[in-house]
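J.: First the structure, then my questions, so here it is.
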Amino acid sequence: MANKLIDLLGITKSYNNNIVLDDFNLYIRENEFLTLLGPSGCGKTTTLRIIGGFEQPDSGKVMLDGRDITNVPPNKRQLNTVFQKYALFTHMTIAENIAFGLKLKNKSKTYIDDKIKYALKLVNLDGYGNRKPDSLSGGQQQRIAIARAIVNEPKILLLDEPLGALDLKLRQDMQYELIRLKNELGITFIYVTHDQEEALTMSDTIVVMNQGYIQQIGTPEDIYNEPQNAFVADFIGDSNLIDAVMIEDRLVSFLNAKWNCVDENFGVNKPVDVVIRPEDVVLCKPEDGTISGEVTHVIFKGVHYEMEVMAGNFEWLVHSTLMHPVGEKVGITVDPFNIQIMNKPESEDEEVAYIEE
């Protein structure tokens, strides 16, 4: 397993008596693509800025390779940042933009020229050196901003919603581009986004945040398939979130029906939350379902149909390659393995503890 590269220890940060991060702890491994994911105001950009040295924590430490860098200025840290607004110098050529940081370090002209060629090739923009930024598309400008960052050979690349201004197709192309760059360069990527699909596509590790707390840390598969609380389940992808009662091990009751599940150790007759992903809902004949209802809405999404089914006085979201028309009476079944049981949080912003591997 890769070494810890960054360790955030007990970070607290507030603005105007508004606490943004509260005793925040997180480590990031070498050569990891880690994404900070959450809604606006959850503290993800503040976390990134503290790692980058653009913000000072009120308390706590930022460790890099075992060394305390909490008070080290940004330009003395072995990292570079790519912002959503690319901040390219419009009066300079692309080559001059890429060379800017290297000139500040007094590198030789030969070294700089070699690095410019290398960086442009890496981001698939060979031959663009003499152009000005305003002659490039948004995606090309973004790649130049990344090229400018990577020529400085940072150990860590910080990316703050860098694809937010791009259209969907370009955003998807850039996601694959970033994965390729990360694999080729061996740099640690720390990425901030509120886009769940982006996080699931690119990350080795996702940190889901809300109200300054870490809600869950895990692989994209863990986060999607095994959400630790209702917030994570609701925030990552679509889900059916239902109030339920755990009758006993492997048996749960919701919507006036009993359902087999695989979860244990939740107690007896314990109120819980149930999460069922739309693609895990199986529609069948009304008499074959655990409960039955009626299709109320259908949208064709290309790879599947998205349907709403009113059953058990609950509006189910269902994804299926088989279309059931509006008004059709259907039954609903769910494989026991696809019924996720979660404890109800004791408070609105209850933190889910992250246990180190």
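Derivation of every value follows stated rules applied to the coordinates shown; laboratory data play no part. For clarity, every value in this text was computed on a predicted model and none was experimentally measured. So basically every Cβ, Gly included, is an ideal-geometry build from the backbone, and we count neighbours across all protein chains shown.
J.: Filter the chain for me: DSSP H helices, axial length by Cα at least 15 angstrom, mean Kyte-Doolittle hydropathy not below 0.5. List them by residue number.
T.: 94-104
J.: With the contact rule set at Cα under 8 Å and sequence spacing of 6 or more, what percent relative contact order holds for the chain?
T.: Computed value for the chain: 15 percent relative contact order.
J.: Further, regarding this structure: Could you size up the charge dipole of the chain around its Cα centre, putting +1 on the beta carbon of Lys and Arg and -1 on that of Asp and Glu, and report it in debye to the nearest 20?
T.: Using only the charged Cβ atoms, the result is roughly 2440 debye.
J.: I need the fraction of alpha carbon pairs in the range 13-70 separated by more than 16 Å, rounded to a whole percent.
T.: Taking all Cα-Cα pairs of the range 13-70, the fraction more than 16 Å apart is 45 percent.
J.: THR333: net charge of surrounding residues, Cβ under 12 Å, Lys/Arg +1, Asp/Glu -1, itself excluded?
T.: On the way: positive: LYS285; negative: ASP280, GLU287, ASP288, ASP335.
Here the count lands on -3.
J.: Can you find, among GLY312, ILE98, SER40, the residue farthest towards the positive end of the dipole of the chain? Put +1 on the C-beta of Lys and Arg, -1 on that of Asp and Glu.
T.: Highest projection toward the positive end goes to ILE98.
J.: Express the relative contact order of the range 237-347 as a whole percentage, based on alpha carbon pairs under 8 Å and six or more residues apart in sequence.
T.: Over the range 237-347, the number comes to 30 percent.
J.: Right, next: Using the C-alpha atoms of the range 238-357, what convex hull volume per residue, in cubic angstrom, is computed?
T.: Taking only Cα atoms, the range 238-357 has a hull volume of 136 Å³ per residue.
J.: Please sort 120-131, 212-223 by packing, taking for each peptide the average over its residues of neighbouring beta carbons within 10 angstrom, highest first.
T.: 212-223, 120-131
J.: Let me ask something else about it. Given bins 20 angstrom wide, list per bin the percent of all Cα-Cα distances in the chain, short to long.
T.: 26, 47, 24, 3
J.: Next up: Determine the sum of side-chain charges near PHE100: Lys and Arg each +1, Asp and Glu each -1, restricted to other residues whose C-beta is under 13 angstrom from that of PHE100.
T.: Around PHE100, the charge tally is +4.
J.: Follow-up question, since we're still on this one. Taking a threshold of 26 Å on the Cα-Cα distance, which of the pairs LYS105/LYS132; LYS61/LYS107; LYS44/LYS182 fall above it?
T.: Numbers: LYS105/LYS132 23 Å; LYS61/LYS107 32 Å; LYS44/LYS182 21 Å.
Correct reply: LYS61/LYS107.
J.: Just to be sure I follow: if Rg is taken over the C-alpha atoms of the range 6-142 and Rh is the Kirkwood radius over the same atoms, what is Rg/Rh?
T.: 1.04
J.: Just for the chain, what percent of DSSP beta bridges are antiparallel, to the closest 5? Could the numbers behind the result be given before it?
T.: On the way: 59 of 77 bridges.
About 75 percent, rounded to the nearest 5.
J.: For ASN25 and MET310 in the same chain, what is the full-extension length gain: residue separation times 0.36 nm, less their Cα-Cα distance, in nm?
T.: Computed gain between ASN25 and MET310 is 98.3 nm.
J.: Select from PHE231, THR188, THR201 the residue farthest towards the positive end of the dipole of the range 122-247; place +1 on Cβ of Lys and Arg, -1 on Cβ of Asp and Glu, and compute about the Cα centre.
T.: Value: THR188.
J.: Another question, if that's okay. From Cα coordinates alone, what are the radius of gyration and Dmax values for the range 149-294 in angstrom?
T.: In order Rg, Dmax, the Cα atoms of the range 149-294 give 20.0, 66 Å.
J.: Okay, moving on. From the residues PRO286, GLN216, VAL123, which one has its Cα farthest along the dipole of the chain in the positive direction, the dipole being from +1 and -1 charges on Cβ of Lys/Arg and Asp/Glu about the Cα centre?
T.: The listed residue farthest towards the positive side: VAL123.
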